[in-house]
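Here is the structure we will look at.
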Amino acid sequence: MEWETVIGLEVHVQLATQTKIFSGSSTAFGAEPNTQANAVDLAMPGTLPVLNEQALKNAIMFGLAINADINKKSVFDRKNYFYPDLPKGYQTTQMDEPIVGAGTVEIQLKNGSHKTIRIHHAHLEEDAGKSLHEGVLSGMGHGSSGIDLNRAGTPLIEIVSEPDIRSAEEAVEFAKKLHSIVTSLGISDGEMSQGSMRFDVNVSVRLKGEEEFGTRTETKNLNSFKFMEEAIELEVERQIDILEDGGEIIQETRLYNGDTKTARSMRSKEEANDYRYFPCPDLLPVVIDDSYIEELGNNLPELPDARQARFVESYGLSEYDAGILGGEATTASFFETVTEQCGDAKLAANWVMGELSAKLNNEEIGINHCPINAEQLGGLISRIKDNTISGKIAKTVFEAMWNGEGTADEIIEAKDLKQVSDTGALETMVDEVIANNTEQVENYRNADEGKRKKMLGFFVGQIMKASKGQANPGMINQILLKKLND
Amino acid sequence: MSVQPSDIEKIANLARIRIDEQAVPEVVDRLNDILAMVDKMQAVDTSEVEPMANPLDAHQRLRADTPTEIDQREQFQAIAPEAEQGLYLVPKVIE
C-alpha cells in the first residue's frame, strides 16, 4: 500500500512591537516575572483593551507579502477557556472576520521544484502567560504552579495554511519561508529559541489516489524546524502502523517531546474544548480604508523572493546560493555588507555559506549573534584578494577573529602571517626544496606532461610547509615550473 | 431549538458555574423559554441585514506602540491570594 501524507500548519508568530496588543505594557524579553503585566493584562475589573496600531500594521504587512485579501473590516472575538495563564478566562482573537484573508506562499524544494501553499487566513490575537511548574523554581515544592504574565497580551499573528503540504520536507520549507518573510518584513524577530515562532501541525494519511482526507491529529507547540520535522515523521509512521494493522486513527491533540523523541496524546476530541466564540464587546470592529493598506504596501521592505532574484541578477549567484543568502534578512544584509567591503560577491558568498555558516552551526549561534561582523569578514576577504594572505592562512585569521583578536589587518600583523611574495625569498625556498629532493626532481624530469602535473603538488606542498603556508602559491607555481623545467 | 438537562450540565461545566441538580429543571425551562423567543425572532427576514459585531456605530480606536505602563507588581501581588519569587501561585496545573 502506498500512503500519502496530508499536512496543514497553524503558525503563531510573535510580532516585534514595543508594547502589548491591547495595553501599553512593554513586551521586552527576559524581564523579571510579572513586572510587565499591568491591570489590563491581569484582567482587573473595569479595564478596557485598546488595539495597538503597530500590531495591526504588522498583520496587514504580512497579508500584503503573501498577496492576501486584506479585510477592511475585522472583528475580535472571545475564545473562552479556563487556564491560570489566561487571567481573563478568554483569549481575544479573531474568528469569523480576521484581518488577513486567503493568500499564497511559494516554496522551493531541495530537488529544485516549486510549490504553492495556500494560506486560509491569518488573524491577530494575544499570547497567554507562562506557567512554571515544580522543579523549575527552587522552594516551590508545595504543589503549586507559578504564573508569569509578562507574555500575556503579547501580539501574535496566527497563520493557518490549507492542507496543501505533502511531506515533512515541504512543511519545513514552508515554515522556513514564513520565517524569512516575517523577518524580512521586520514584523517579528523570528527568535525561535524565545518562542517567537511556534507551530501546530495537523497530520493525516490516506491511500495514494484517495480523494477523502484521513482522520487527522494535531501536534501542538513545536518551537523549532527540527522538532517539527521529527514530530511529523513520527506521527506519519504511527498513523500508517495503526492503519496497516487494521486500526483507526483517533482525532486528538498530541504533544511531542524533542528530548526523548516521543509523542503522547494530550486530549481526544470527545473531551475537546468547546470555546463558545462570540464577538468581543470590549472592542469595536476594526475598520481601515484602501489608502491605509496602499501606504503600507508602498513601503513594504524587500521580500525574500525578490531578494533572491536580485542576488542572481546583480551578484551572479546561482539560484541555490541566492536562496540561502537571500532567504533571511539578517544573512542577506550580512552578505551584502561583506560583498561591499571586499568587492567580490563570489568570494563573499563562499565565505558566508562555507566557513562562517559551518562555524555558526557548530557553535549553535545565529548570524545576528556572530562574534565576527560583516565588515571584519569583508576585510579578511580583501586581504585574500590582494594576495596579502593565502586562502589557507585566511582560515587561521578567521579563527583568531572569531576569538576576538581584532581585525584581519591587526591579526595578520600581530601573528606575522603576511604572504611571502618577494621573488628573491621565494626563489631561495624553491632552490632549497629542489636541492633536498633530488630523487623526486629526477623522477619529475623523466615523467610525461600528464604525470608532471600531479607530481608538482609534492613540491608545492614542501614549499608551503617550509614557509608555514605563507608562500604565495601562484608565484611558487611559476618559479617552480621554471626551475624544474630548466 | 431546545436544550436538555445534559446541555445545561455541559455548559455549566465549561463556564465553571455550579448549578445544583435540583435547580437544573428550572434552568432548562427558563432557557427554553428564551430559545422559543429566539425562534420567533428567526421569522424576521434578515437576508438583507449585515451581521453586527457591536451595537455602537463606531470603529475601534488605535493606540500608538509606545510603552506607557510602569511596573506595579508589588501592588498587584499584595492583593493576590499567593505570590512567591515574583510569580502568582496557583494550584498545580499539568496537562
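Throughout, read-outs are computed from the coordinates displayed, never taken from laboratory work. Given the structure is predicted, the values throughout are model-derived calculations rather than measurements. As a convention, Cβ positions derive from the backbone with ideal geometry for all residues, glycine included, and neighbour counts pool all protein chains shown.
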Task: Size descriptor, Kirkwood hydrodynamic radius, that averages inverse alpha-carbon separations across segment A:320-410, Å - done: 12.9 Å
TODO: Could you work out the mean count of beta carbons from other protein chains within 10 Å of each residue's beta carbon in B:75-85?
DONE: 3
Task: Neighbour-limited loop hits for trypsin sites (Lys or Arg not before Pro), segment A:96-191 (at most 11 other Cβ within 10 Å; DSSP other than H, G, I, E, B) - done: A:Lys110
Task: Furthest towards positive pole of dipole, B:Pro51, B:Val38, B:Ile11, structure part segment B:1-72, Cβ charges - done: B:Ile11
Open item on the list: If I model a spin label at A:Lys385 and A:Gln440 as a point 7 Å from the Cα along the Cα→Cβ vector, what separation in nanometres do I get?
Closed with: 3.4 nm
- [ ] List, in order, the whole-Hz ³J(HN,Hα) value for each residue of segment A:26-34 obtained from phi through the Karplus relation with A = 6.51, B = -1.76, C = 1.60 and θ = phi - 60°; use x for Gly and Pro.
- [x] 5, 10, 4, 7, x, 6, 4, x, 6
- [ ] Label segment A:423-485 by shape, choosing from rounded, prolate and oblate, from the square roots a ≥ b ≥ c of the eigenvalues of the Cα gyration tensor; if a/c is under 1.5 it is rounded, and otherwise prolate applies when a/b is larger than b/c, oblate when it is not.
- [x] prolate
- [ ] Give the relative contact order (percent, whole number) for segment A:214-254; include only Cα pairs under 8 Å separated by 6+ residues.
- [x] 69 percent
Task: Estimated distance in nm for a label pair at B:Asp39 and A:Ser193, the labels positioned 7 Å out from Cα along Cα-to-Cβ - done: 6.2 nm
TODO: Mark the label point 7 Å from the Cα of A:Glu363 along Cα→Cβ and return the residues of segment A:308-350 whose backbone N is within less than 17 Å of it.
DONE: A:331, A:334-335
TODO: Run through the DSSP bridge list for segment A:138-283 and note the antiparallel percent, rounded to the nearest 5.
DONE: 75 percent
TODO: Give the residue from A:Val236, A:Phe335, A:Gln36 lying farthest towards the positive end of the charge dipole for chain A; charges sit on Cβ (+1 for Lys and Arg, -1 for Asp and Glu) and the dipole is referred to the Cα centre.
DONE: A:Phe335
Open item on the list: Tell me the relative contact order for chain A as a rounded percent, counting alpha carbon contacts under 8 Å between residues six or more apart.
Closed with: 14 percent
TODO: Rounded to the nearest 0.05, what FRET efficiency do A:Glu399 and A:Arg264 give with R0 = 51 Å and r taken as the Cβ-Cβ distance? Could you check?
DONE: 0.70
Task: Highest to lowest packing among B:21-28, A:121-128, scored as the average C-beta count within 10 Å - done: A:121-128, B:21-28
- [ ] Alpha carbons only, please: Rg and Dmax for segment A:70-205, in angstrom.
- [x] 17.9, 56
Task: Shielding by partners, peptide A:34-40 (average Cβ within 10 angstrom, other chains) - done: 6
Open item on the list: Under the 0.36 nm per residue contour assumption, what length would be gained going from the current alpha-carbon distance of A:Tyr292 and A:Lys208 to full extension?
Closed with: 25.6 nm
- [ ] Go ahead and estimate [θ] at 222 nm for the protein assembly as shown from helices alone: -39,500 (n - 2.57) per DSSP H run with n ≥ 4, summed, over the residue count, rounded to 500.
- [x] -12000 deg cm²/dmol
Open item on the list: Classify segment A:3-295 from the C-alpha gyration tensor, please: rounded if a/c falls under 1.5, else prolate or oblate depending on whether a/b exceeds b/c.
Closed with: oblate
TODO: Could you tell me which of rounded, prolate or oblate describes chain B, using a ≥ b ≥ c as the square roots of the eigenvalues of the alpha-carbon gyration tensor, with rounded for a/c under 1.5 and, failing that, prolate when a/b is larger than b/c and oblate otherwise?
DONE: oblate
Open item on the list: Using only Cα atoms and rounding to the nearest 10 degrees, what angle (0 to 90) does helix A:423-436 make with the longest principal axis of chain A?
Closed with: 70 degrees
Open item on the list: From the phi angles alone, apply the Karplus equation (6.51, -1.76, 1.60; θ = phi - 60°) to segment A:230-243 and give each ³J(HN,Hα) in whole Hz, x where the residue is Gly or Pro.
Closed with: 4, 4, 5, 4, 5, 5, 4, 4, 4, 5, 5, 4, 4, 5
Task: Residue-averaged beta-carbon neighbours from other chains (10 angstrom radius) around A:51-60 - done: 3
- [ ] Treating only the Cβ atoms of Lys and Arg (+1) and Asp and Glu (-1) as charged, compute the dipole magnitude of chain A about its Cα centre; round to the nearest 20 debye.
- [x] 1020 debye
Task: Cross-link pairs beyond the 28 Å C-alpha cut-off, checked among A:Lys130/A:Lys226; A:Lys110/A:Lys385; A:Lys130/A:Lys176; A:Lys415/A:Lys483; A:Lys20/A:Lys79; A:Lys79/A:Lys226 - done: A:Lys110/A:Lys385; A:Lys415/A:Lys483; A:Lys79/A:Lys226
TODO: Kindly state, to the nearest 0.05, the FRET efficiency for A:Ala39 paired with B:Arg61, given R0 = 30 Å and r defined as their beta-carbon distance.
DONE: 0.95
Task: Relative contact order for segment A:302-414, counting Cα pairs under 8 Å that sit 6 or more residues apart, in percent - done: 20 percent
Open item on the list: Within 10 Å of each candidate Cβ there may be at most 14 other Cβ atoms; applying that plus a DSSP loop requirement, which GluC sites (Glu not before Pro) in segment A:328-396 survive?
Closed with: A:Glu364
Open item on the list: What's the ranking of A:18-26, A:434-442 by average number of surrounding C-beta atoms within 10 Å, highest first?
Closed with: A:18-26, A:434-442
